[in-house]
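The values are calculated or read from the model by the stated rules, or taken from the named source; none is laboratory data. Predicted model only: the values in this text are computed from it and were never measured. Cβ sites come from the backbone with ideal geometry, for glycine too, and all protein chains shown count toward neighbours.
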Amino acid sequence: MQRQEDMVRRPRRRAEDTRAEILDTAETLFRTRGVSGCSIAHIAQALSMSPANVFKHFHSKVALADAICGRHISIMSERVEAFHLEGPAPDRLKALAFGLMDLHIEAIAENHFMLEMIFHLSEAEIESGKRYEKMIETLFSDLIRYGVETGIYYSKDPTRSGRVAASAFASVLHPVFLTRRSRAEIAGQCGELVDLVNAALQNPLAK
C-alpha cells in the first residue's frame with residue numbers, strides 16, 4: 001500500500017519562478033565572466049539543471065540577453081516617467097535631453113556588462129531594444145507636438161520629427177559613445193544639439 005506521504009504531490013514550481021532564477025543567475029555570470037565568456041551550459045551548471053531546461057525558457061543566449069536587457073530597460077523607463085518637464089517646449093526639450101543623457105550615463109556606470117551585451121547583440125534585432133527606441137522617439141514626438149500646439153514649434157509631422165530628434169541625440173545617449181568621453185564633453189555636445197534642434201523646430205520654414 002502506498003504511503004500517505006508519497007501520495008501528497010509536491011507543489012510544482014512555477015515557470016515564472018524558474019525563468020526569474022535563470023535570469024538572475026545569467027546576469028550574475030555575465031557580470032563576472034563577461035557575456036562572450038559565458039554559455040548556456042555555464043548558466044545551467046550554476047543552476048544545477050540541464051542546458052535543455054534553460055533552453056526550454058530561453059531558446060538562445062540572444063533571447064536570454066534580450067530578457068536581461070528588458071529588465072534594465074523597464075527600470076530606465078520608470079525613471080524616465082518620473083521626469084518632471086515644465087515650461088515652454090524649448091526648455092522641456094533641454095530638460096528631456098539632459099535627463100536622458102544622465103540616465104544613460106548612470107545606467108552604464110551601474111552595469112558595465114551592458115556595454116558588452118550591446119556589442120554582443122548588435123547584429124540581432126532584440127525586442128527590448130526596439131521597445132526602448134520607440135519609447136524615446138515617442139517622448140520627443142509628444143514634446144514636439146506640445147510645442148506645435150503652443151505655437152512655438154513648427155512641424156507638419158511631429159511623429160516623424162520626433163524620430164529625427166531621437167536620432168540626433170543618439171550620440172549623447174548610446175552606450176558606445178558614452179564610454180568614450182567625459183561627462184563634460186558629452187554635456188557640451190548635448191547642449192549644442194539642444195540648440196540646433198530647438199532652432200530648427202522654431203523655424204517657420206519647418207512646416
Residue in segment 63-73 that is at pLDDT 85 or above, assigned by TED's automatic domain parsing to the domain that holds Asn111, assigned to a helix (DSSP H, G or I) and closer than 23 Å to Ala109 by Cβ present: yes
Quick one: His72 ticks every box in (1) touching a helix residue (DSSP H, G or I) at 6+ places or on another chain (Cβ under 6 Å); (2) over 30 Å from Gly151 (Cβ atoms); (3) touching a residue at least 24 places away in the same chain (Cβ under 8 Å) bar one, so which box is it? (1)
Yes or no: Ala65 under 20 Å from Ala20 (Cα atoms), buried (at least 18 other Cβ atoms within 10 Å of the Cβ) and either hydrophobic (A, V, I, L, M, F, W, C) or free of Cβ contacts under 8 Å to residues at least 24 places away in the same chain (or both)? yes
Within segment 158-178, can you find the residues that are more than 23 Å from Gln202 (Cβ to Cβ) and aliphatic (A, V, I, L, M)? Val176, Leu178
